[in-house]
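Here is the structure we will look at.
Every number in this text was worked out from the coordinates using simple rules, so none of it is lab data. What you see is a predicted model; the values in this text were computed from it and never measured. A quick note on method: Cβ atoms are made from the backbone with ideal geometry, for glycine too, and the neighbour counts reach across all protein chains shown.
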């Protein structure tokens, strides 16, 4: 912890599986995440989470029999190979929590997912690359009898 009020939690997750024939990674997903929490005052809390996810998949092949590309059938009767792809997205979430008394709490948050071709700062704010936005508020009050 940098200070008593600030908490920073970085993490990295890798999920991958490989091909038996050439030992290459057939599919690999990497998730880099940074969660930052700051206690502004006793009742006021702020959280910011940034997450960059990249997924790389090689073209799928039938290793057990033909060694050829796996095909997917479309509704019109045509077949296309399952080709390689790369997906990248960057997600930012923030949360503001206010708890004036025990049992009463107010939350406000926002999340945004962007799909940049690579991690380029100019693309993160460009609305053409934005995939999803979400905003929420929640008020909770405990009635005592």
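How long is the gain from residue 93 to residue 61 if the chain were fully straight, where each residue apart is worth 0.36 nm and the alpha carbon distance is subtracted?
Stretched out fully, the residue 93 to residue 61 stretch lengthens by 7.8 nm.
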| task | Find how many whole Å separate the alpha carbon centroid of segment 1-35 from the alpha carbon centroid of segment 49-100. | result | 16
| request: Taking 7 Å along the Cα-to-C-beta vector as the label spot, tell me the residue 73-residue 144 distance in nanometres, rounded to one decimal. | output: 6.7
| query | Percent relative contact order of the chain, based on C-alpha pairs within less than 8 angstrom and at least six residues apart? | reply | 16
| query | Once the principal axes of the Cα atoms of segment 78-117 are found, what is the range along each, listed largest first in whole angstroms? | reply | 62, 22, 11
| said: Can you give me the Rg/Rh ratio for the chain, using Cα atoms for both radii and the Kirkwood formula for Rh? | reply: 1.16
| said: Under the √(5λ) rule applied to the eigenvalues of the Cα gyration tensor, what semi-axes describe the equivalent ellipsoid of segment 8-88? Give them in Å, descending. | reply: 42, 16, 7
